[in-house]
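Have a look at the structure below, then the notes.
Coordinate-derived values only; no laboratory data. Model, not experiment: these values are computed from the prediction. With ideal geometry, Cβ positions are generated from the backbone for all residues, glycine too; neighbour counts draw on all protein chains shown.
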Amino acid sequence: MSYFLMAEETVKQKEIGLVSSNFDDFGLTFKTGTGKALWRFNTLIFSGSNSENINSGFFTTQSALNFGAKVGREYRRYLTDNLELRYGADISFSYSHSKNESDQNNALAKINLYSPGVNLVFGFNYILNDNFLIGVELLPYINYTNTVSTQSNSSNEQKIETSAFNYGLSNKSVLFSLAYRF
């Protein structure tokens with residue numbers, strides 16, 4: 001007795017693209033998986049600055065670094081030939097650091113902000129052709145924010161730590177994407 005078994009081969013899919021929540025700040029997205037479920041990797045913020053000022057004989061430096069990333073899982077269903085429904089969840093983390101130094105009284109101010117969280121994903125893709133798509137998604141969120149501020153000068157130092165839970169859906173919770181599928 002013989003048996004003939006046929007396995008359906010899963011087609012792998014990858015996407016790379018640009019994302020933005022307000023068309024001022026841009027990030028990168030990479031997705032990999034199948035047409036029905038993909039792993040999501042988003043870098044939404046990566047910026048920094050460094051400046052030096054001389055004012056009335058005093059020298060001041062300022063620097064900043066910001067970074068944010070999300071990793072999650074996305075599921076898709078076709079609504080029409082060119083329209084896909086997307087839903088899932090992300091784990092997020094953002095970090096922000098700023099530092100101001102002045103030679104007046106040896107003043108130093110530092111702020112570090114850490115914010116881990118979770119985002120739900122609900123959105124749509126419009127498929128332009130076999131390789132390009134545009135998407136929009138809503139990202140309701142809940143996150144924990146911890147901020148540590150340190151201020152010091154030649155005579156004293158003060159450290160303030162604050163924390164908070166945040167949740168909601170705002171205009172920054174809408175993410176637009178343009179992606180290349182391969």
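Here are some notes:
- Think of the chain as a dipole: +1 on every Lys or Arg Cβ, -1 on every Asp or Glu Cβ, centred on the Cα centre; then among Ala179, Ile134, Gly88, Gly88 lies furthest on the positive end.
- Backbone geometry of segment 29-40 corresponds, through the Karplus equation with coefficients 6.51, -1.76 and 1.60 at θ = phi - 60°, to 3J(HN,Hα) couplings of 10, 9, 10, 9, x, 10, x, 9, 8, 10, 7, 10 Hz, x marking Gly and Pro.
- Working ranking of peptides 12-18, 175-181 by packing, defined as the average number of other Cβ atoms within 10 Å per residue, highest first, is 175-181, 12-18.
- Nearest-20 debye value, the chain charge dipole, Cβ charges on Lys, Arg, Asp, Glu: 440 debye
- Listed values for segment 157-170 are Karplus-derived 3J(HN,Hα) couplings in whole Hz (6.51 cos²θ - 1.76 cosθ + 1.60, θ = phi - 60°), namely 9, 10, 10, 10, 10, 10, 9, 7, 9, 10, 8, x, 9, 9, and x replaces Gly and Pro.
- Whole-Hz Karplus values for segment 58-70 come out as 9, 9, 10, 10, 9, 9, 8, 9, 10, 8, x, 9, 9 Hz, taken residue by residue from phi with 6.51 cos²θ - 1.76 cosθ + 1.60 and θ = phi - 60°; glycine and proline positions read x.
- Averaging over all projection directions, the Cα-based convex hull of the chain occupies 16.0 nm² in the image plane.
- Cubic angstrom per residue, convex hull over Cα atoms of segment 8-54: 76 Å³
- Under-5 Å amide H pairs with Ala107, H placed in peptide plane, nonlocal only: Ser102
- Taking every alpha-carbon pair under 8 Å whose residues sit at least 6 apart, the chain reaches a relative contact order of 19 percent.
- Compared with the alpha-carbon gap, the fully stretched path from Phe30 to Thr147 is longer by 39.2 nm at 0.36 nm per residue.
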